[in-house]
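Visitor: Questions regarding the structure given below will be posed in turn.
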Amino acid sequence: MPSGNGARAKQTRERKLKEAAKKKGPTSQLKVNEAAANIQCSVCRQTFLCTSNETTLRDHLNRHDGVEFATAFPTWDPEASGKKKKTGGAAEPDKPKART
């Protein structure tokens, strides 16, 4: 088996071709991103990702004079946004790691 630079390059190309053949399906995120943009401003129809927080939406609302938040974003659900409220309960304090 030759081990010159040309043989190594050929082996690398063949290995990459095999790995590329193993990947199936599209790798684009466009459809996923489009499905995640489910918050829409009812004034200008701009869409926002489902993980948008209220601060981001209120910043956008500053561009529209005299429009209420609930009017502009009737489908916005704070529970569905990326950050969930913590339930009541004491959190466990971090324990220092023992040094060896």
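The values are calculated or read from the model by the stated rules, or taken from the named source; none is laboratory data. As the structure is a computational prediction, the values presented were derived from the model and not from experiment. Here the Cβ positions follow ideal geometry from the backbone for every residue, glycine too, while neighbour counts run over all protein chains shown. Ligands, DNA and RNA are excluded from the accessible area calculation, which covers all protein heavy atoms including side chains. Shrake-Rupley method; radii C 1.70, N 1.55, O 1.52, S 1.80 Å.
Visitor: Under a plain spin-label model, where a point goes 7 Å from the Cα along Cα-to-Cβ, how far apart in nm are Arg13 and Ala36?
Guide: 3.8
Visitor: Could I ask something else about it? Full extension from Lys97 to His64: what is 0.36 nm times the residue separation minus their Cα-Cα distance, to one decimal in nm?
Guide: Numbers: separation 33, 0.36 × 33 = 11.88 nm, distance 5.23 nm.
Length gained between Lys97 and His64: 6.7 nm.
Visitor: How much accessible surface area, in Å² rounded to 10, belongs to the heavy atoms of Ser28 with a 1.4 Å probe?
Guide: 70
Visitor: Show me, for the range 45-54, the HN-Hα J-couplings you get by feeding each phi into the Karplus relation (A = 6.51, B = -1.76, C = 1.60, θ = phi - 60°), rounded to Hz, glycine and proline as x.
Guide: 6, 6, 9, 10, 5, 5, 8, 5, 9, 5
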